[in-house]
Amino acid sequence: MHSWRNSGPVLGRGVLAQFGSELRELAQFGQAPSIAVIGPWPNTYTFTKAIAENIIKKTASDLPIAIVRPSQVSGTLKEPVCGWIDNVYGPNGVAAGFLAGLIRTGVSHEETKLNMVPVDMVANCIIASAFGAITR
C-alpha cells in the first residue's frame with residue numbers, strides 16, 4: 001500500500017506532477033486552473049472522492065474492498081429507537097432549528113425531493129457491503 005500526502009486542499013502531489021505544466025499555462029492565460037483539472041465533476045468534493053476511489057482501485061485491487069457512499073444521513077428509522085441521532089449537522093440541524101422555532105421561514109420548491117437515508121440503514125448497508133466484499 002502506498003501512502004499519499006496532500007500538497008494542497010484539492011490535489012495530491014501525483015496529480016500536480018501530472019498536470020503541473022498545463023496548470024501553469026492556464027494560469028498565464030487567466031483561466032481558472034481548478035475548472036480545467038476537475039473536468040466533468042461538479043465540484044472539488046466529488047473530484048477528490050473520485051481520485052481516492054481510483055487510487056484504491058489501482059493500488060488495492062487484490063483486497064476485499066467495498067465503498068459505501070450514502071446521501072445525506074438522517075436520524076434512525078428503527079434501531080436503536082426511531083429518530084435517534086447524536087448530532088445536529090446537515091439536515092438534522094435544519095430540522096432541529098425548525099422544530100425548536102429558531103428557523104421560521106425558508107425557501108423551498110414543490111418539485112424538490114430530499115435525498116436522505118436513515119443512519120441505521122446506512123450501518124446495515126455497510127455491514128452487508130463488507131460481507132459481500134469478503135465473500136466474492
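The values are calculated or read from the model by the stated rules, or taken from the named source; none is laboratory data. Remember, it's a predicted structure, so these values are computed and weren't measured experimentally. No Cβ is skipped: glycine too gets one built from the backbone with ideal geometry, and neighbour counts run over all protein chains shown. Remember, those area values only see protein heavy atoms, side chains included, never the ligands or the DNA or RNA. Shrake-Rupley method; radii C 1.70, N 1.55, O 1.52, S 1.80 Å.
Annotations for the structure displayed:
- Top-ranked residue in the range 91-120 [being open to solvent by less than 50 Å² (accessible area, probe 1.4 Å) and without any contact (Cβ under 8 Å) to a residue 24 or more places away in the chain; ranked as nearest to Phe131 (Cα to Cα)]: Asn92
- Hey, Val81 within 14 Å of Pro118 (Cβ to Cβ) and loosely packed, with under 11 Cβ neighbours inside 10 Å or not: yes
- Any chance Ile56 is touching a helix residue (DSSP H, G or I) at 6+ places or on another chain (Cβ under 8 Å), without any contact (Cβ under 8 Å) to a residue 60 or more places away in the chain and either assigned to a helix (DSSP H, G or I) or outside the structural domain of Asn115 (by the TED database) (or both): no
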